[in-house]
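Here the structure comes first, spelled out in C-alpha cells, and everything after it is commentary.
Please treat every number below as a calculation from the coordinates, not as lab data. In this text the structure is predicted, and so the values were computed from the model without any measurement. Cβ: placed from backbone, ideal geometry, glycine included. Neighbour counts: every protein chain shown.
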Amino acid sequence: MSLWEYANPVKFMKTSGFLLPWVVGLAAVTLVSGLVWGYFFVPAAENFGGSVKVIYVHVPAAMMAINIWGMMLVTSLIWLIRRHHVSALAAKAAAPIGAVMTLIALITGAVWGQPMWGTWWEWDPRLTSFLILFLFYLGYIALWAAVENPDTAADLTSVLSLVGAVFAALSRYAANFWNQGLHQGATLSLDKEQHIADVYWFPLLLCMAGFVLFFVALVLVRTRTEIRTRRLGALQQRERMA
Amino acid sequence: MIALLIRDLRLAVRAGGGFGLGLAFFLIVVTLVPFGVGPQGDILARIAPGILWLGALLACLLSLDRIFALDFEDGSLDLLATAPMPLEGVVAMKAFAHWLTTGLPLVIAAPVFGILLHLPAAAQSWLVISLLLGTPALSVLGTFGAALTVGLKRGGLLLSLLVLPFYVPTLIFGAELIRRGAQGMATEVALLMLAGITAATVALIPFASAAAIRVNLR
Amino acid sequence: MIALLIRDLRLAVRAGGGFGLGLAFFLIVVTLVPFGVGPQGDILARIAPGILWLGALLACLLSLDRIFALDFEDGSLDLLATAPMPLEGVVAMKAFAHWLTTGLPLVIAAPVFGILLHLPAAAQSWLVISLLLGTPALSVLGTFGAALTVGLKRGGLLLSLLVLPFYVPTLIFGAELIRRGAQGMATEVALLMLAGITAATVALIPFASAAAIRVNLR
Amino acid sequence: MAMLSVSNLAVSRGGLPVLENLSFAVESGQALVLRGPNGIGKTTLLRTLAGLQPALAGTVSMASESMAYAAHSDGLKSTLTVSENLKFWASIYAIHDIEPALERMNLRSLANRAAMSLSAGQKRRLGLARLLVTGRPVWVLDEPTVSLDTASVALFAQAVRGHLATGGVALLATHIDLGLEEAKVLDLAPFKARPPEEGGMMGAFDEAFL
Amino acid sequence: MAMLSVSNLAVSRGGLPVLENLSFAVESGQALVLRGPNGIGKTTLLRTLAGLQPALAGTVSMASESMAYAAHSDGLKSTLTVSENLKFWASIYAIHDIEPALERMNLRSLANRAAMSLSAGQKRRLGLARLLVTGRPVWVLDEPTVSLDTASVALFAQAVRGHLATGGVALLATHIDLGLEEAKVLDLAPFKARPPEEGGMMGAFDEAFL
Ligand code: HEM
Ligand SMILES: Nc1ncnc2c1ncn2[C@@H]1O[C@H](COP(=O)(O)OP(=O)(O)OP(=O)(O)O)[C@@H](O)[C@H]1O
Ligand SMILES: Nc1ncnc2c1ncn2[C@@H]1O[C@H](COP(=O)(O)OP(=O)(O)OP(=O)(O)O)[C@@H](O)[C@H]1O
Ligand SMILES: [Mg+2]
Ligand SMILES: [Mg+2]
C-alpha cells in the first residue's frame, strides 16, 4: 500500500474524517497548556520585561508563516508532477492560514516593538521580509480566487508558488543587504552557544507544537471543505450530462 | 442605474478583485518605497503624505484603463448607449463603482499605511480626511480619461499620461492638507480647495466624459 | 520570431504609444513627486534613486497588463500557440519588445530625470548602469505575471499584486547600487546581484511564462 | 402607420459616404430584411438608425425610446451567469421577469452557467434573449443568426414572429435565410454611394477640403 | 493514406466530457464537414485536434507541424493594415509572398486599410486568407463562413477546393451550407458523451471526487 492512495479524494475523506477529532483534541491540549504555562508560570525577563510573553505567540506564528509556504511548495510540486487533486486543494487550503499566521507574527511583532524599540513599525529586514511574504500569500490567494476553472487555477498557483518561493528567499537576502536592522537573531538554532533559559524554552516548544497541530487540524478541515465543494460541482455536472 | 452599479461591483468582485485588490496594491507601493528610498524613519515620515497620495493615484490609475474598455470590447457600451438611460448617468455610476472598489477601501485602511511610513499620529486623521475628500475626484477624472481613450488598444500608458496632469491639483492640496494638519498649521484653505475641486469635478466632468464616449462610439 | 518582434513594436507605435509614452509617464511621475513630497532639494536628492527606480517599475507595470491580454482577446494567442514557433520564444520576444518600448527609453533618458531630482553628478552613471542591468528583469518578470492572468478580465490590479513582490530584489539592489555608487562605497555585490538576477530571470522565467500560457489556453 | 420610416438617408463610415438616397418605411407588424454584399454598409446603416452615429443627410423618424439594437457582439459579461446577464439588461429596461425570455430562447438549462462557458451559438441565443427583455417595439438586428444551428434559427424566427404579432417591427441585416417568408427584403446594392463625379451626393466630411 | 486520423477520441470542456468514442480518418484531398447542434462540442473537438487542449482519451494522429487552425475569432490586429496582418502570419510560417492569398480572397483593394475599418465579412475574409499563407496541408476550421455573403462563401469554397486539389485536407465545423458537395459530412450528435450510468466513459476530471 502506497502513501499515494490517500491522494484519492474519497480515501482521503475517510481517513481524515477519522483522524480529525484526534488532531483537534491534541492541538487544543498542547496549545492551551503551552500558552497558559507561558503566560502565567514564567518569570518576567530582566531585559525584556513582562512583554516577553508575546514570544509564545510571536515566534510560533512566525515559524509557521514560513513553514506553511514550504508545505504549499511541496504540495504544489506533487500536484504538478503527479496530478493528485488532494494535494492541490491542500495547498489552497493552507494559503489563508499561512497569510493569517504571517499577519499574527506581524501584529504581535508590532505590539512587541512598541515597548522594546519605541515604535510600532521599523523597516528592519526581518520584519520587511515578512511583509513581503504576506504579499506573496495575498497574490497566491488572489490568483486562486480569480481563476474560474479549478484545474487551471491549481496549475497556475503551483507555478506561482514555485517561482514565488525563489523570489521570497531572494528578497530576504536582499533585505539583509539593504539594512542591518534591529531584530533579534535566531536564538533557536542549536549550534548557538547562547540559549535562552530553559524556563522560557520549554513552554515555547510546547506552543510551537501546539501551533503545528493547530495548523494540521485547520488544513484538514479546510481541505475537506474544498473536496466537498468539488464533489458538489461534480454532482451538478453529472446531473447536467444526464 | 442601480442595476449598473450592482453589475459593476459584481464584476469587480468576480474578477477576483474588488475591494481587496486596491488595498493590496496600496500596501505594495507603501512597502516598495522604503526599498527605494531607504529605511530611515525621519525621511520616510517627511515624504509619507506625498507617498500615500501617490499610492492612491496609482491604485486609481491601474484600475482605470478597463473602466470602459471592457464594455467597449464586448459591445456592452454600444448597447448601453442605446438604452433608456442617460450616458451621463452611466458614466457617473461607473465612476462611483470605481470609487467604491478603489477609493473607499483606501480611505478606511489609510491609517495602517500611515503607521508603516511613520506618519506622526497628529497627521493620521488628516490623512483620512484628505483621502476621503480627494479620492472621488480621482475616480471621476479617471473616468474622463478612460472615456477619451476608450477605442484605443493599449490605452494603459496613454491614459495615465492624459489623466495624471488632471490629478495635480488634487495631489497638491491633498498632500498639503496632511502636512499642514500634522504641523498644526492652518488647514482651511487646503481643505476648502480640496472639497471644492471634488465637488466641481463630480458635478461637471461626467458630462464631458459622456460626450467623449459618444464621439468614440461614432 | 523577428516578425513577432516587429509586429509588437509596430503595434506599440501605432497605438500612439511606443517609445515616447513610457518616457512621458516617467516624466510625469518625476514631476509629481515634488508636488507630493515638497520641493526641498536635499530630500529630493536623497530619495531620487528610489523614486527613479519606482518610476521605472510603474511605467513597466502600466504597460504590462495588455502584453498578452490583447492577443488573447482577439484570438492571436491561440493561433500563435499552434504556429511553428515555441511558445517560450513567443514569450521571450514579447518581453524583449516590452523592454525596448519601456525599459530602453528609460535607460537612455534617465540622466535627465536624475537632474530634475537633484541627483548628484557622481550617481548619474550608476543610475544608467543600474537601470540598464535591472530593467530587463522587470520586463521578463512582468510577462510572467501577464501570462498568469491572461484569461482574466480586469487583470490590471491583480497583475500588479502578483508582479510587484517579484520586483523587490531588483528594486533593492538597483536603488542600493546607485546610492552606494554615489557615496563611493563598494558596489561589487549590488552590481553582481543585479546582473545575476537579470541573467537568471531572462534565462529561466520564459519557460514558466510559456507553461502558464499553455495552461490558460486549455 | 409606419413605426419606422427613413427618407433620403445617407450614411457614412470613416468619413466616407457608404449608402445614399435610401428611403423605406416599416409598418407595425412588418419585418424588413436588409441584404447586400459584405461591406455595402448594413452595419453602418443600423448603427445610424440606433442613434450611435449621425446621418450624413436625410431623416429617420421613429418614436423616441422605441428601439432595441443588437450588434455583431452581444454585450455579454463573461464572468456573470446567463441569468445575471439577462437580469441586468432587463432592469436597465425596467422589466422584471426574465423567465419568458429564458424560456423562449431555450436557455433555461443554462441559466446558472457563466457566460464564458457557453458555446458560440449559446452565447448568441443569450444575446437574442436580451431583445425580449427590452420591451421595445422596434428591433434593429445586425446578423442575428450568426453561429446558430438550424433549430435555433427556427426558434429565433418564431420569436420575431411573436414580436411582430404584438405589433412590433423588426429590421434585420443578414446573409443567410431566416425562414421569415413574410418579411420584405431590401437589397442595399442599388443605394451604394457614388463618387460626386457620377452624381453622388456631396457631404462626406472631408469634401470641404476639395 | 490518411493525413489525419482520430480513433476513440473523447474530449472534455470545463472538466466535463463532451464527445466520446469518436473515430474518423481524412485522406489526402478530402474535406470533412462536422455538423451538430450548438454546444455539441465542435469547437472543443477542433481545439483538441489543434493541440490547444489535451484529449480525455483516444489518439489523434497527424504529421507534426502540418496543421493550420482558424478559430471563431480571426486574430487580427485592428491597428495594422490588411497586408501587414497577413505578412505577419506569413513570416511566422516562413512564407514570403502574400499576393496570391490577397488575390484569392479578393482583398487586393483593401490591402492598405487598417483591419479595424473593415466590415465583419471583410475581416473574416482576411482571417481566411491567413490559411493560405500557412502552407500547411491540414486545415482545421471553426465556422469559417460566419458573416460572409454568398459571393464570399463561393470564394472560400473555391479556395478549399484548390487546397484539396494540392493534396491537402480540410476539417470544417459549420451550420450553413458551404457549397462543397464533394465533402463528407460527419454528424456529431451520436457521439455526445453519456453519463457513466448509461455506459459513458469515466474520466471527467472531477469524477475522482464522487
Ligand atoms: C512585525 C514585526 C516582527 C516580525 C515580522 C518578526 C518576525 C520574527 C520571526 C520570523 C521570528 C522567528 C525567527 C526564527 O525562528 O528564526 C521572530 C522571532 C523573535 N522575534 Fe520577532 N518579529 C517582529 C517583531 C519583533 C519585535 C518588535 C521583537 C522584540 C524586540 C521581536 C523579538 C523576537 C524574538 C525575541 C524572537 C525569538 C528569537 C528567536 O528565538 O529566534 N520581534 N520574529
Ligand atoms: N474607418 C473606416 N475608414 C474607411 N472605410 C471604412 C471604415 N470603417 C468601415 N469602412 C467601410 O465601410 C463599409 C461599410 O461597412 P459595414 O460594416 O457597414 O458593412 P456591412 O454591410 O455591415 O458588411 P458585413 O456584411 O461584412 O458586416 C465597408 O466597406 C468598410 O470597409
Ligand atoms: N467552462 C465550461 N464549463 C462547463 N461547460 C462548458 C464550459 N465551456 C464550454 N462548456 C460547454 O461545452 C459544450 C461544448 O462547447 P463548444 O463550444 O465545443 O460547442 P460547439 O459545438 O462549438 O457549439 P457552437 O456551434 O455553438 O459553436 C457546450 O455545451 C458548452 O456549454
Ligand atoms: Mg456588418
Ligand atoms: Mg463553436
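Shown for B:ALA122: label points 7 Å from Cα along the beta-carbon vector, and their distances to the equivalent points in the other copies, 3.7 nm in ascending order. Couplings for region A:18-28, taken from phi via the Karplus curve 6.51 cos²θ - 1.76 cosθ + 1.60 with θ = phi - 60°, read 6, 6, 3, x, 5, 4, 4, x, 4, 4, 4 Hz in order; Gly and Pro are left as x.
For the protein assembly as shown, take the alpha-carbon Rg, divide it by the Kirkwood Rh, and send me Rg/Rh.
On the way: Rg = 31.2 Å, Rh = 31.7 Å.
Rounded to two decimals, Rg/Rh equals 0.99.
What number comes out for the charge environment of E:GLN53, summing +1 per Lys or Arg and -1 per Asp or Glu over other residues with Cβ under 10 Å away?
Values: positive: C:ARG214, C:ARG218, E:ARG13, E:ARG47; negative: none.
With Lys, Arg at +1 and Asp, Glu at -1, the neighbours total +4.
In this assembly of identical copies, the label point of D:ASN8 (Cα plus 7 Å along Cα-to-Cβ) is separated from its counterparts by 7.4 nm, sorted shortest first.
What is the helix-to-structure angle for D:120-132, meaning the angle in degrees between its Cα long axis and the longest Cα principal axis of chain D, kept from 0 to 90 and rounded to the nearest 10? Approximately 80 degrees, to the nearest 10. Simple rule: put +1 on each Lys or Arg Cβ and -1 on each Asp or Glu Cβ in the protein assembly as shown, find the dipole, and look at C:LEU138, E:GLY14, D:PHE88; the Cα lying farthest toward the positive end is E:GLY14. Using θ = phi - 60° in the Karplus curve 6.51 cos²θ - 1.76 cosθ + 1.60, the 3J(HN,Hα) couplings for region C:45-55 round to 4, 5, 8, 3, x, x, 5, 4, 5, 4, x Hz; x is entered for Gly and Pro.
Near E:GLU27, the amide H atoms lying under 5 Å from its own belong to E:MET3; only residues 5 or more places off or on other chains count, and H is placed 1.01 Å from N.
Can you compute the helix-only [θ] at 222 nm over chain E? Use -39500 (n - 2.57) per DSSP H run of at least 4 residues, normalise by all residues, nearest 500 deg cm²/dmol. Don't skip to the end; give the middle numbers.
On the way: 5 runs with 54 residues, N = 210.
That comes out to -7500 deg cm²/dmol.
Note on D:GLN158/C:GLU88: beta-carbon distance plugged into 1/(1 + (r/R0)^6) with R0 of 45 Å gives a FRET efficiency of 0.30. The calculated FRET efficiency for the pair C:ILE108 and C:PHE207, based on their C-beta separation and a Förster distance of 25 Å, comes to about 0.25. Each residue of region A:83-94 was assigned a 3J(HN,Hα) from its phi angle through the Karplus expression (A = 6.51, B = -1.76, C = 1.60, θ = phi - 60°), giving 6, 9, 4, 4, 4, 5, 5, 5, 4, 4, 5, 6 Hz with x at Gly and Pro. Counting from the shortest, the label point at D:PHE24, 7 Å from Cα toward Cβ, is 3.7 nm from the same position in each remaining copy.
Assuming a ≥ b ≥ c are the square roots of the Cα gyration tensor eigenvalues, decide whether region E:73-175 counts as rounded (a/c under 1.5), prolate (otherwise, with a/b larger than b/c) or oblate. It is oblate, given that a/c is not under 1.5 and a/b is not larger than b/c. Considering chain E at the alpha-carbon level, its Rg and Dmax are found to be 18.0, 59 Å. Relative to the longest principal axis of the Cα atoms of chain B, the long axis of helix B:19-37 lies at roughly 40 degrees.
Distant-in-sequence amide contacts of D:LEU19, defined by a placed amide H-H separation under 5 Å and a gap of 5 or more residues or a different chain, comprise D:VAL11, D:ALA193.
Restricting attention to the protein assembly as shown, close to 50% of DSSP beta bridges with both partner residues there are antiparallel.
Under a point-charge model restricted to the Cβ atoms of Lys and Arg (+1) and Asp and Glu (-1), what is the dipole moment magnitude of the protein assembly as shown relative to its Cα centre, in debye to the nearest 20?
On the way: 76 positive and 70 negative charges, 131 e Å.
Using only the charged Cβ atoms, the result is roughly 640 debye.
So how tilted is helix B:104-116 from the main axis of chain B? Cα-based, degrees 0 to 90, rounded to 10. Approximately 20 degrees, to the nearest ten. Distance from the C-alpha centroid of region D:119-152 to that of region E:100-166: 26 Å, rounded to the whole angstrom. Within chain D, DSSP assigns beta bridges of which about 45% are antiparallel (rounded to the nearest 5).
Quotient of the Cα radius of gyration of region C:18-217 and 2.2 N^0.38 Å, N being its number of residues: 1.06. Scanning residues 5 or more positions from D:VAL33 or on other chains, those with amide H under 5 Å from its amide H are D:LEU172, D:LYS184, D:VAL185, D:LEU186, with H placed 1.01 Å from N in the peptide plane. Using just its DSSP H runs of length 4 or more, each adding -39500 (n - 2.57), chain B gives a mean residue ellipticity at 222 nm of -28500 deg cm²/dmol after division by all residues. Taken residue by residue and averaged, Cβ atoms of other chains lying within 10 Å of the Cβ of E:89-96 number 4.
Placing unit charges on the Cβ atoms of the charged side chains and taking the dipole of the protein assembly as shown about its Cα centre, the candidate lying farthest along the positive direction among C:LEU148, C:LEU116, A:VAL24 is A:VAL24. Modelled this way, with points 7 Å down the Cα-to-C-beta line, the labels at E:ALA63 and E:ARG194 are 3.9 nm from one another.
Taking the Cα centre of region B:18-217 as origin, sum charge times position over the Cβ atoms of Lys and Arg (+1) and Asp and Glu (-1), and report the length of that vector in debye to the nearest 20. Write down the numbers at each step before the final one.
Details: 8 positive and 9 negative charges, 50 e Å.
Magnitude of the dipole: close to 240 debye.
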